[in-house]
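The values are calculated or read from the model by the stated rules, or taken from the named source; none is laboratory data. As the structure is a computational prediction, the values presented were derived from the model and not from experiment. Counting neighbours? That spans all protein chains shown, and the Cβs are built from the backbone with ideal geometry, glycine included.
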Amino acid sequence: MPQEKDNKPDQSEILQFASLIAHQLQSPISTIHTILDVLAAELAGPLTAKQKDLVARANIRCDEGVATVRRMLAIVSALSRREEIGGVIDVAAIIRSAQTRYEEKALQFDVTFTAETDSESFYVRGTEPAMAEVLDALVDNAFKYTPAHGQVRLVVSAVPEEKIVRISIADSGVGIAEGMREKVFEPFYRTPAARGSTRAGIGLGLSFVKAVVDELGGTVRAGKADLGGAEIAIRLPMAERSEIDRLEEAAKSSPLRVVIVGGVAAGPKVAAKVIRLVPRASVTVVEKGEFLSYAGCGLPYYISGQVTNHAELMSTPMGVLRDAVFFQKVKNVRIMSRTEAMEIDRKGKRVRIKDLADGRESCLEYDKLMLATGASPIRPSIPGHDLGNIFCLHGVQDAEGIKAVLSGGKAKDVVIVGGGLIGMETTEALVSSGCRVTIVERLPYTLRILDPEIARLVELHLESKGVKVLTNTTVESFEGDDKVRSVVTDKGTLSADAVIMGIGVRPNTALARRAGLQVGETGGIKVDERMRTSDPDIYAAGDCVECVDILTGRPCYVPLGSTANKQGRVAAINICGGQDTFPGVLGSTICKVFDYCLARTGLTEAAARELGYKVTIALAPAPDRANYMPTAKMLMLKIVVDSDTRRLLGVQAVGPGAGDKRIDVAATAIAGGMTVDQLANLDLSYAPPYSPAMDNLITAANIARNKLDGHMVGVSAADVHRMLAEKKDFTFLDVRTPGEHAQIRLPGAILIPLSTLRGRLDEIPRDKEVVTFGQISLRGYEASLILRAAGFPQVRVLDGGIAMWPYEKLP
Ligand code: FAD
């Protein structure tokens, strides 16, 4: 931590430190408070009078702890927003709104409180919550150190010639000795009188006051009050006239009322951003579930046990639970959980809501409405679908259900219906919990986000981990008594202790449809690039909306947490009167399946062809870093290029190597409209522990360029497989070494190692096509150049070599 010259921590460090401590303390103190409440109410058994007294006293101290933590959080959160809001506040108005509270407190302490302001308004620069906290801290402090029957006086006055507003709190209490008047602003410093006081304190109040006042460009001094005790005097710069005019104009209008339906990803994002932009806004989140702002993406890792407590999925990086209290206290957002939005009255700008606990209905008025209603898993009405132990994995409760069935090794055979991403992630979690897993997929291959031959590589990896992958297989029914026992498919019956349905999600649009909002052709709510629905006062974001594909400009439905958050931010900015746009998606996706990363961005080859592109592809299997590094791992890339424009259209990456950074670079390149020629010369970083000298993506781009420039003609594994099956007359030429060949071979191939090829050309018939291959296609390419130079008329190279051959290999 940087220190000031005199080794005192600076004020911003104090605030950071306070924030950290407060976040750490909030949850334990609240828990202790609840436990004490339970004890005090004798819910855990009767208490003696003595015990009651002890619990009551502990509770008071706990209250003080809660208040301190809240104060710290409020101050830090108020100051952290200062840059974003700038702004002007009226100190007199803040005092007026707090006056009754101060008077009530004065009664408790048995002191007289007076507030004197000689003007209606005193404008200074700052934020309302920060100034309110400063005043609260000063008034509390004065009450604390003023004996019964004493006086506390708050005075606000202007010093126009100095352009200063002066706030002073004077009391008739114990006072602050002259030598300590500077020190009282140091963190944790308490005067001997304060230390001797029976009233609790930790010595942070005044240091916070100083931190805030410093931030606002003012000064604070302690002195002797004419009332006999201490006086704390603050001087703050007056706001400029132009700023005051703007504030008065804004004050004429009532605060922005924002109602948000949905409280998981997009909803809370909008709430937090709106409050940051317009602190006075009244923001309400309506969520029909119990849990808020949880990371649905982390659920598979909760099932596997890597995440040990579901609360971790709902916590900030600082470990603070993002529950209703957090949103209310820290974000100033009202949370209505277990509450369903039933109907939108667009004309009256109201939402009818229902409290799911007691069935009561009421209305919320809005200026802007945000729909973040997400998506629901598809549950097909296959016979037996309502048996026990058949789950969808969508929310925390689903994960709890699955965990309960797994606990104690109860579920041994688990069938996953659907070979999508959620099925894949859950598979790993189940296998690591000791289950035997079978994936059943109706289509000829799993993972539709990839091309078939790439998906097949992932299936091979799954099979190597003992997972059964049944493609071209349709589930017909589930059987069992109350709980599922077996899954009947068109290819036979599978025994099942549990079933996970992972066949996709459908956008939740019922509320929007009932309100007459436009819904797109993919089934998601239609929004413009500012995330506005067909009603300009209603916005939508996340899994409930239809997206636009950046490459094709066509509507698409790609429900992802990353997108939900970005869209939420854009919506919030526009809700608050700003201008921001969301350009669309490339369908960038990444997923971990055992030791493999699988990822893709942009168009697959199949999708590009379907859209009418003339396509060139390149497969590039290679180590993901310098091959001599012990950490190097295989990464298999496929890139899809528009043959006419040479633009990059899509990239897929699978394997144990680092696919994430290649996909992210590719997404950037595609969004920037780059050609493979530009991609091939990108200035990507290189050092042996991180990448090869020519990054995998650059190599893939160069393979594509070789093809586009006519230096190489490729042939896909699927075509060669078909040629072999149809017993086509061609030479399938393996140019690897005899040692490699002895380990693994492709059916129908002959071996002529590259080093001997030039001398053995006579062994290869010239009147037949030759398909060359090596381990990763480089030697295959070199062999093709030798053959072409020697006059062989028809030479093609197997795309991806033996490394990306997705069919049977011979040992
Ligand atoms: P949701 O998270 O679905 O939240 C919508 C909320 O709205 C729900 O809680 C619902 O109860 C509430 N609601 C709906 N209607 C009403 C109503 N009428 N009244 C009140 N409340 C209502 N994405 C990634 O980018 N990467 C990943 O790795 C990833 N992994 C995932 C793993 C799993 C197991 C799952 C289930 C999802 C994963 N996702 C991933 C997807 C990601 O979780 C979603 O895209 C994201 O949660 C969408 O957020 P949302 O706010 O739009 O909708």
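Observations on the model:
- For region 752-811, the tally of residues that are more than 30 Å from P452 (Cα to Cα) and among the hydroxyl-bearing types (S, T, Y) stands at 2.
- For I752: the one exception among (1) closer than 25 Å to R456 by Cα; (2) of a type in the set (V, I, T); (3) over 47 Å from the mean Cα position of the chain (by Cα): (1)
- Given (1) basic (K, R); (2) crowded, with 16+ Cβ neighbours inside 10 Å; (3) closer than 21 Å to G502 by Cα, number of the condition R379 does not satisfy: (2)
- Cβ pairs under 9 Å, 6+ apart, first in region 324-340 and part of a helix (DSSP H, G or I), second within 14 Å of the ligand (Cβ to nearest atom) and of a type in the set (G, A, S): A324/S337; F326/S293; F327/G263; F327/A271; F327/A272; F327/S293; K331/A271; K331/A272
- Residue ID - nearest to D226 (Cα to Cα), chosen from residues in region 156-182 that are β-branched (V, I, T) and within 47 Å of the chain's Cα centre (by Cα): I169
- The one condition in (1) under 30 Å from C544 (Cβ atoms); (2) within 29 Å of the chain's Cα centre (by Cα) that D624 fails to fulfil: (1)
- Lone unmet requirement of (1) assigned to a loop (DSSP other than H, G, I, E, B); (2) among the β-branched types (V, I, T); (3) within 13 Å of the ligand (Cβ to nearest atom) for T563: (1)
- Considering region 373-420, the qualifying strands (runs of 3 or more DSSP E), each wholly inside and each with 3 or more residues that are within 16 Å of the ligand (Cβ to nearest atom) and over 16 Å from S495 (Cα atoms), run over 375-377.
- Listed by position, the strands (runs of 3 or more DSSP E) enclosed by region 451-534 that each have at least 3 residues that are touching a residue at least 40 places away in the same chain (Cβ under 8 Å) and either buried (at least 23 other Cβ atoms within 10 Å of the Cβ) or more than 16 Å from the ligand (Cβ to nearest atom) (or both) are 475-480, 484-489, 498-501.
- Residues in region 310-323 that are farther than 17 Å from I29 by Cβ and of a type in the set (A, V, I, L, M, F, W, C): L313, M314.
- For region 273-289, filtering for residues that are out of contact with any strand residue (DSSP E or B) (no Cβ under 6 Å at 6 or more places or on another chain) and within 13 Å of the ligand (Cβ to nearest atom) leaves 1.
- Counted residues, region 432-445 - those being at pLDDT 90 or above and more than 16 Å from the ligand (Cβ to nearest atom): 9
- Within region 686-703, residues that are over 13 Å from I617 (Cα atoms) sit with their Cβ atoms under 7 Å from residues that are of a type in the set (V, I, T) and part of a loop (DSSP other than H, G, I, E, B), at 6+ positions apart or across chains, in these pairs: P689/T631.
- Boolean, K592 is assigned to a strand (DSSP E or B) and within 12 Å of the ligand (Cβ to nearest atom): yes
- Filter result (of a type in the set (G, A, S), in contact with a strand residue (DSSP E or B) (Cβ under 8 Å, 6 or more places away or on another chain) and in a loop (DSSP other than H, G, I, E, B)) within region 108-163: S119, S121, G126, G150
- Matching residues, region 309-322, being within 14 Å of the ligand (Cβ to nearest atom) and either part of a strand (DSSP E or B) or under 30 Å from I89 (Cβ atoms) (or both): R322
- When region 309-338 is filtered for residues that are more than 20 Å from V66 (Cβ to Cβ) and either of a type in the set (A, V, I, L, M, F, W, C) or buried (at least 21 other Cβ atoms within 10 Å of the Cβ) (or both), the ones remaining, listed by number, are L313, M314, M336.
- Among the conditions (1) surrounded by 18 or more Cβ atoms within 10 Å (Cβ to Cβ); (2) in a loop (DSSP other than H, G, I, E, B); (3) not charged (D, E, K, R), Q306 misses just one, which is (1).
- Y294 passes every criterion in (1) among the aromatic types (F, W, Y); (2) over 26 Å from I573 (Cα atoms); (3) crowded, with 22+ Cβ neighbours inside 10 Å apart from (2).
- Count of region 535-560 residues which are more than 11 Å from the ligand (Cβ to nearest atom), part of a loop (DSSP other than H, G, I, E, B) and of a type in the set (A, V, I, L, M, F, W, C): 2
- In this entry, K354 is excluded by the filter for residues that are more than 20 Å from the chain's Cα centre (by Cα) and in a loop (DSSP other than H, G, I, E, B).
- Matching entry among V771, V795 (being modelled with pLDDT of 95 or more and closer than 21 Å to A725 by Cβ): V771
- I75 within 13 Å of M131 (Cα to Cα), modelled with pLDDT of 80 or more, part of a helix (DSSP H, G or I) and not aromatic (F, W, Y): no
- Residue in region 342-349 that is away from the ligand (no atom under 14 Å from the Cβ) and not basic (K, R) present: yes
- Boolean, A687 is part of a loop (DSSP other than H, G, I, E, B) and either closer than 25 Å to T601 by Cβ or out of contact with any Pro (no Cβ under 6 Å at 6 or more places or on another chain) (or both): yes
- If you check D367, D355 for being more than 14 Å from the ligand (Cβ to nearest atom), touching an Asp or Glu at 6+ places or on another chain (Cβ under 8 Å), among the acidic types (D, E) and in contact (Cβ under 8 Å) with a residue 12 or more places away in the chain, only one passes: D367.
- Of the residues making up region 597-624, those that are part of a helix (DSSP H, G or I), farther than 22 Å from D677 by Cα and hydrophobic (A, V, I, L, M, F, W, C) are A606, A607.
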